Amino acid sequence: MRVYLPATLPLLAEIHTARRIGPAPLTGYAVTPALREWYAEGDQEELEYAAMTAAARASLRLLAPELDRGPGAPARRVVLAVEVPDQDVETVYGDEERARVRLTAEVPWKKVASGHVDDPDAEADVRAAVAALAAADAGDEDAAFTVDGAEGHELMWYATQELGDLAP
């Protein structure tokens, strides 16, 4: 099963060095029955894009503590696409997170299919989105618009052999 795992560039560096993603449990995003039902008109590619977009939003939450450490932290969303056995995936979605799943086992590096990372040009919008997350969660429409601004940036695709070069 294809699962999208949210990350950050520093986390990517740790994962690349360790050659594994873990320990389990891990929160990821995938094409779940609830996502299929909600996005009934979507084909498989559109459903996977929706799951990856959910993982990219989760990456914003991972960025918050890193950006609090100082202005030099890279503000770029990272999503790792991994192929894992179906038995390692539990569906745990709710109404707001139809694509959310839990991985019950760590993921070896060889199961990483690709990486998806913001272009450096997105950093200002990503920083603004991270700063607006709490207000957006509380229902502030202007803050939600700011968070959506980061989602307006397409994640760039990277082969696994390129991912080590992105890590800070």
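Table for the structure above
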{"item": "Label-point gap, in nm, between residue 91 and residue 123 - each point 7 angstrom along Cα→Cβ", "result": "4.1 nm"}
{"item": "Rg/Rh for region 74-163, where both radii come from Cα atoms and Rh is the Kirkwood radius", "result": "1.03"}
{"item": "Extension gain, residue 27 back to residue 145 (0.36 nm per residue minus Cα-Cα distance, nm)", "result": "40.0 nm"}
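No value in this document is a laboratory result; all are computed from the given coordinates. Because the structure is predicted, anything quoted here is derived from the model rather than measured. Heads up, the Cβs are rebuilt from the backbone with ideal geometry, glycines too, and the neighbour counts pull from every protein chain shown.
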